[in-house]
Amino acid sequence: MIGILGASQYESVLETQNERTVVTTRFGDVPVLKGEIEGREIAYIRRFGWENNLASDVVNHAANALAFRSLGVRRVITMNGFGGVSQEVQVNDLVIYNDYIRMVERSPTTIFVGEPRWPRAHMKEPFCPEVRDALAEASRENSGRRVIDRAVNICVQGPHDETPAEIEAYRRLGADIICTTVYPEVVYFRELEMCFAGICWVCDMAGEDDERDRVMISPEELAPIMRAAVAAIPDTARCACQSTWAGNEEKLPAWYREMR
Ligand SMILES: [Zn+2]
């Protein structure tokens, strides 16, 4: 099963919508829409809550990640509008980022919080190369927008905007785009041995005010991209995302060993 995280208005990327259910996790309850794209089972979580009323800095990342895992999801795609930081990106670009910088204090920093000890997840390749390839190719084939298939995404606290000095600092650190959402969920997905990647449309340039501010993508434009991407994701994962704990299984907390 493939998981998709997005705002409520993008649920229409699903070709069929079968059932709405609530998944109970140790971090809270999560409403999930089950459906299909290209004949593949999809679980869709409204990232900003069922009523679209959560700010990005209070989203329950841990409950969302665990809800997906308990449903049997092993690959996750997140769809977001993010800000541009570097000279390399422009408003309206589609960006399939490959790395991130954490510039945020948000806890827990591990899905295994509360355990007496937990193993350390490797973050050498934080976003799944197979899912990224599928998203990049699907974007090129199904969109007239420029597609950037490598970028560094800096995750900040929000919800307020950044100062000019902060934006310049992030640029010098090597950030291309800026968000408030991908951390710590990127860590949870790695700890839960799931593939994770994102497609983002650059909706504004950080620190710039102009008439292009918050240029979003329409569900009609996003749907064919997502459908092609889902169809292109290989059935069998050849990436390393789903074997985070190979050889270290005995170090895992009991509740997760049972879930695997
Ligand atoms: Zn993967």
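Restricting attention to region 177-214, which residues are more than 16 Å from the ligand (Cβ to nearest atom) and out of contact with any Gly (no Cβ under 8 Å at 6 or more places or on another chain)?
Across region 177-214, the qualifying residues are 181, 183, 184, 207, 208, 209, 210, 211, 212, 213.
How about region 232-260: which of its residues are part of a loop (DSSP other than H, G, I, E, B), more than 13 Å from the ligand (Cβ to nearest atom), surrounded by 13 or more Cβ atoms within 10 Å (Cβ to Cβ) and not hydrophobic (A, V, I, L, M, F, W, C)?
Answer for region 232-260, where residues must be part of a loop (DSSP other than H, G, I, E, B), more than 13 Å from the ligand (Cβ to nearest atom), surrounded by 13 or more Cβ atoms within 10 Å (Cβ to Cβ) and not hydrophobic (A, V, I, L, M, F, W, C): just 253.
Within the set of pairs 6 or more residues apart or between chains, which connect a residue that is farther than 19 Å from residue 189 by Cβ and in contact (Cβ under 8 Å) with a residue 60 or more places away in the chain inside region 126-143 to a residue that is within 16 Å of the ligand (Cβ to nearest atom) and of a type outside the set (Lys, Arg) with Cβ atoms less than 8 Å apart?
Within 8 Å, the pairs are 137/229; 137/232; 138/229; 138/232; 139/96; 139/199; 139/229.
Quick check on region 114-131: of everything there that is more than 17 Å from the chain's Cα centre (by Cα) and surrounded by 13 or more Cβ atoms within 10 Å (Cβ to Cβ), which residue is nearest to the ligand (Cβ to nearest atom)?
Looking at residues that are more than 17 Å from the chain's Cα centre (by Cα) and surrounded by 13 or more Cβ atoms within 10 Å (Cβ to Cβ), I get 121.
Tell me, which strands (runs of 3 or more DSSP E) wholly within region 1-107 include 3 or more residues that are buried (at least 19 other Cβ atoms within 10 Å of the Cβ)?
In region 1-107, 2-6, 28-37, 40-46, 75-84 are the strands (runs of 3 or more DSSP E) which contain 3 or more residues that are buried (at least 19 other Cβ atoms within 10 Å of the Cβ).
Right, residue 229: within 16 Å of the ligand (Cβ to nearest atom) and either touching a Gly at 6+ places or on another chain (Cβ under 7 Å) or part of a helix (DSSP H, G or I) (or both) or not?
yes
Where a number appears in this text, it was derived from the coordinates with a stated rule and is not lab data. Quick caveat: nothing in here was measured; it's all calculated off a predicted structure. As a convention, Cβ positions derive from the backbone with ideal geometry for all residues, glycine included, and neighbour counts pool all protein chains shown.
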